[in-house]
Every structure is written in C-alpha cells, then in structure tokens.
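Structure first, then comments.
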Amino acid sequence: MNFIHPQFSLALPEMILLGMISIILIADLFISDKGRVVTYLMTQATLVLAAIATAAVMGADVALSFNGHFIIDPLASLTKLFIYLVSMVAFAYSRSYLIERDMYRGEYFVLGLTAVLGMMVLASAHSLLTLYLGLELLSLSLYAMVGLRRDSSQAAEAAMKYFVLGAMASAMLLYGMSMIYGATGTLNLWEIRDAVAEGSGHSLVLIFGLVFLMVGVAFKLGAAPFHMWVPDVYHGAPTSVTLFLSSAPKLAAFVLMIRLLVDALPALASAWSDMLVIIAVLSIVLGNVIAIAQLNIKRMLAYSGISHIGFLLLGVLSATPEGYAAAFYYAIVYAIMSLGGFAMVLVMSRQGFEADELSDYAGLNERSPIIALMMLFIMFSMAGVPPLLGFWAKLAVIQAIVAVEYYQLAVLAVLFSVVGAFYYLRVIRIIYFDKPTERRELKPANDLKVIFIANAMLVLLLGLFPESLMNLCQSAFIY
Amino acid sequence: MPQYRRADRIHQMLENYLPVLIFIAVGLVFGAFMVVLGMILSPSRPDDEKLSRYECGFEAFAGARSEFDVRFYLVAILFIIFDLEIAFLFPWATVLRELGLFGLLSMTLFLAILVVGFIYEWKKGALQWE
C-alpha cells in the first residue's frame, strides 16, 4: 500500500475557512440578537484570514496536492482572492438589509461562508471529483440562502425552482463526467487531457460527455438556453442574496468552465468552441432583448446578467490564452458591476419597501444627487460606455474574437450592446428626468452608502486605469 | 508503449462493469416475465368489495394517504446524517490498523465536524418534539 500524505499546507485557506465556519456556527448559538454584530465581524475576519493564507501559499508555480485532486496555480489563487473581496463586499452590503427584515441571523453568514468554501474548492479543483464536490457545496448553500426567508412565498418558489433545476443541471454535469471518465479511465484533469491527446478515448463518447458537461456549465453560469431559472430566482430571492448569488458564484462557474474545457479537454476545442458560439449568441440576443420588456429592476438586471455571460463566453470560445484572460477579466468586471447594480436596490429599499420597480427610482436625482450619480456610473459601465470599466471588458472579449477572425460574432456583439444600452439608459432617464413620486429623504445606512460609493468609484477608477487588472488576468493564463 | 496500456486499462475497467450490465438485463427480463405471466394466467373478476380499501378486522376509517406531521421530515433528515456517518465508519474500522495514526486523526476530524452540526441542531431545539 503506497499511501502518500498530502501536502496540507496548500489547502491552508480552505482549512481556515472550514475551521472558522464551525466556530462561527457554534459561537452564534450563544450570541443574543443584540450581539449579532460579533457574528458579522467574525465572518469578515474569516475572509481576511483566508485571503492572507491564500496570498501566503500563492506562487508563480503550479503545485499539486491530495493525489492530484487539488491544484494551486495563479488562476486558482487569483480567483480565490477576488471571491473573498466580492463576498466581503456582499456581506457588508447585506448587513443593514438583513437587520431591517429580521433576517440578521448567524445562518445567513454561515451559509454564505460555506458557499465561499465551495467556490474555493472549485477554484482549486484538479479532478472531476473535486470539481463536483465544490460545485455541490456551493449550490446547496445557495439554495438554502435563496429560501432563507421562509414566510415569503416568492422566496420559497424561487428556492424550489432553483433547487429542482439546479439538481437537474448537476445530474447532467455528473452524467457528462461519467462519460468522460468512461472514455479516458481517469478523473484527473491533466491525465484526461493526455488521454484525449493520445487518442485512446472513444471520440464519440467524449463528445457525448462534452455535450452534457456543457449543459451543466451553461446552467450554472445562467447562459441561454439554460437561463430560465435566472430571472425568477433573482427576483424571488431577498435582494442581499441576489447580490451575492449574481457576483462571486459567477467567478466560480467561470473557473469550472475553464477547468473542464481548457485544462481537461483542449483537444476538443473545435467542438466546444462551436457549442459556445450558439450559447453565446443566444445569451446576448435573448438577454438584451427581453431585458427591455422588464419593469422590475431585479428582473432587468437578471436578463442583463444573461447577456453579460454571453459576452464572457465570447472570450472563452476564441480558445486562445488571450481570450481566456479576457473572459476572466469580464467575469471579475461583471462581479464588480453586478454588486453595484443590486446594491442600487439595497440603497433604495427600506423596511417594508423593496424598491425593485423601475418607477421607484423616478426623480432620484432630486432626492440624492450623489447616489444618482453613482448609479449613473454603474449603468453606463454595464452599457459599456467608455471610459468606465464595462467598456474595457467588452473591448477585451471582442478583440479576442476578432483575433481568431470571428467577425460576424464581433459585429453581432457590438450591435446588441447598443440594444442593451437602451434599457440601461432608460434607468438613467428615470433617475434624472422623471418627476419623483415621493419626496421622502433617502437614508441608507452609513456603511451601505460608503461601500456603494466606493464600488461605483472603483468602476470609474479601474475604467480609467484598466491596465493593472488586465495584466493580472493575463498572468493567470501564461502556460 | 504507454498508450496501449492506457487503452487496456479502460477496457479492463469497462469489463468490470459487465456483471452489473448482465445483472440489470436479467433483472429486467425476469421481473417483466413474472408480471406478464401473472396477468396472463390469473383469473380477474373484480367487484366493488375487492377494490375497496380495507384494514384488518374492522371497517376502514381513513385512506392511507393521510397527512404527516412535518416534524417527521426533520427527524428523518437528522437520522440520515448520522446513518451515513456509520456507513463511513465501518470500512474505516476494518482497515484502521493499516491506516495508522493518520487514519485515526482523519476520522476524528470528520466526527468533530459532525459534532459541530450536532451541537447546532441540539441547541436550536431540533431534537425536541414540542
């Protein structure tokens, strides 16, 4: 029996997180409702600790552990760092929303942290087994978070829908994985790559498996035609959960896609690239067109998210390192913009008022010019107006597909970002030019307001200096 | 020649599943055969008395599809967690000598995480019926 002890130190961030989750879960039982802030602060401290640990184990080299099931490479470390950052911001945004709605419980934070743990496992996964493990840990936590507000029938419906469809997507993914395993005889991503390159796998079985993998991944990303859950879940879930759901997990789903397609099946690039073309075009067209008809801002942002995922896929389908870097950049940028977009709803809402209809934003400029300006930045960025962050992300993916001579796709992407600009600009029109329906002063909690302004300014500043983030993303894809 | 070895290995792996395939096929055929045989050979003379629901020894007073107290689900879920834990413990116990200290510590950690969940459910009152 040759049993090698794994190198535990590489998984230090995961271990810290798991330990802290256990501690917070127990500690929260003995904390009264008044002292709940302790749970909140412990959650944020956990993410900081995990970030420090990740930075400590991070290196330029690639390191494997746990019999090749676990990998530390620049992509994994960078993704994790961004996941911590995005999750910290998401938790900070949620605090006042949760207090106002009697949802300020330890379970919210514990479930959020287990979701983060799932994303970390996913980011560092190097076999089909760990990929699936991380994905399920992430998904199960998210299902519970969506349904956390038990007395709301809307949230219960959203959670049910998310759970049933999510379970089916997981089953599809698992079936695809079993096909890949059957064809290559291994779970390890690099061994799969080598087996496929040697041509020892049955190509028909591989393609069959690939189709199922693609369905699962597209569902988790929320790309058309597997997007049906997105608007309902985003709409039905409490806004703070929607905000979390639409940001960090997209980064994780992006890594899932990269690991499966690029790390394990680069030899099938021509096959998955064609599939991604269909998914990307459908997502961009459907997302942008249907978003125009939405009067609920959460649904509008959900459809806008679908179209953003379509743009992200453009980078991946180019099947070049530059394309992957552009898609990674897009995923990070989308996470930042999505935080800002749903934070708009959080800033506007108060106890007993969700502020999720577009008409609730009428004349916001007269009530609070500074918040109106910040919303303007975020909407312009989503629409892809230079010099804001969203513009550079769109530019990067379009450059990537032009480089591989997909000119029609590039034209289509540009055309539909113009269509998309319509509904983003409509929000701005409502904020600036419509008569306000209520005069009540807007009083968001201080931390919420400060972070919202910082978030919007980040969209502006990173847009003015796009190089640093872009270089960081490229460093993850130098092989 | 590594590629032959890999192809052989896959072939071997699939061959291991052959008995499972045969088992499924035989099971399906045999099961279908018995049902069809019953349908063909047995006499069928239904009447109201035969088709109505019954309970042993007295008049039936409710259908079997009555509502359950939702709390049973909670008990069932909690049971599953600790039931599965035993499923992990058995194989571990049989090879504990070979696993040594590392195996012992791994299982201790696993159980410690379970205990965290146990403390949580206890303190939340999930084990209390009222």
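Just so it is clear, none of the values below were taken in a lab; they were calculated from the coordinates. Note that the coordinates shown come from a computational prediction; the quantities given were computed from them, not determined experimentally. Heads up, the Cβs are rebuilt from the backbone with ideal geometry, glycines too, and the neighbour counts pull from every protein chain shown.
Considering only Cα atoms, the convex hull volume of chain A works out to 135 Å³ per residue. Per-residue 3J(HN,Hα) values for segment A:86-103, derived from phi via the Karplus relation 6.51 cos²θ - 1.76 cosθ + 1.60 with θ = phi - 60°, read 5, 5, 4, 4, 5, 5, 5, 4, 6, 3, 5, 4, 5, 4, 5, 10, 6, 10 Hz in sequence order (x marks Gly and Pro).
Check which residues have an amide H placed less than 5 Å from A:THR320's amide H, if you skip close sequence neighbours. Excluding prolines and chain starts, which carry no amide H, there are no hits. Positive end of the dipole of chain A (Cβ unit charges, origin at the Cα centre): among A:VAL411, A:SER127, A:ILE371, the Cα lying farthest that way belongs to A:ILE371.
Legend: ranking of residues A:GLU354, A:GLU405 from fewest to most surrounding C-beta atoms inside 10 Å; resulting order A:GLU405, A:GLU354. Applying 1/(1 + (r/R0)^6) with r as the Cβ-Cβ distance of B:LYS123 and B:VAL35 and R0 = 51 angstrom yields a FRET efficiency of 0.50. The angle between the Cα long axis of helix A:153-184 and the main principal axis of chain A comes to about 20°, on a 0 to 90 degree scale.
What does the C-alpha gyration tensor say about the overall shape of segment A:106-264? Classify as rounded when a/c is under 1.5, otherwise prolate if a/b is larger than b/c, or oblate. Prolate shape, in that a/c is at least 1.5 and a/b is the bigger ratio. Residue exposure proxy: B:ARG71, A:ARG259, A:ARG101, ordered by other Cβ atoms within 10 angstrom of their Cβ from fewest to most, comes out as B:ARG71, A:ARG101, A:ARG259. In this label model, B:ALA60 and A:LYS435 are separated by 6.8 nm, measuring between points 7 Å along each Cα→Cβ vector.
Charge tally around A:GLU357: other residues with Cβ under 11 Å, Lys/Arg +1 each, Asp/Glu -1 each, net -1. Taking the charge dipole of segment A:230-338 about its Cα centre, with +1 at Lys and Arg Cβ atoms and -1 at Asp and Glu Cβ atoms, the residue from A:GLY236, A:SER273, A:PHE311 reaching farthest to the positive side is A:GLY236.
Computed about its Cα centre, the charge dipole of chain A is approximately 1020 debye, with only Lys, Arg, Asp and Glu carrying charge at their Cβ. All C-alpha to C-alpha distances of chain B, sorted into 10 Å bins beginning at zero, yield P(r) values of 8, 15, 15, 24, 21, 12, 3, 0 percent in whole numbers.
Rounded to the nearest 500, the 222 nm mean residue ellipticity of chain A from helices alone is -24500 deg cm²/dmol, with -39,500 (n - 2.57) taken per DSSP H run of at least 4 residues. Ordering A:ILE52, A:LEU261, A:ALA343 by Cα displacement along the dipole of the protein assembly as shown toward the positive end leaves A:ALA343 in first place; charges were set at the Cβ atoms of Lys, Arg (+1) and Asp, Glu (-1).
The fewest-to-most ranking of B:TRP122, A:TRP190, B:TRP129, A:TRP272 by surrounding Cβ atoms within 10 Å reads B:TRP129, B:TRP122, A:TRP190, A:TRP272. When the P(r) is computed for segment A:262-395, the part past 25 Å accounts for 34% of the Cα-Cα pairs. For the set A:LYS449/B:LYS124; A:LYS298/A:LYS449; A:LYS34/B:LYS124, the pairs lying more than 25 angstrom apart at their alpha carbons are A:LYS449/B:LYS124. Based on the convex hull around the alpha carbon atoms, segment B:67-130 presents an average projected area of 5.1 nm². In this structure, the amide hydrogen of A:PHE70, modeled 1.01 Å from its nitrogen in the peptide plane, lies closer than 5 angstrom to those of A:SER65, A:HIS126, counting only residues at least 5 positions away or on a different chain.
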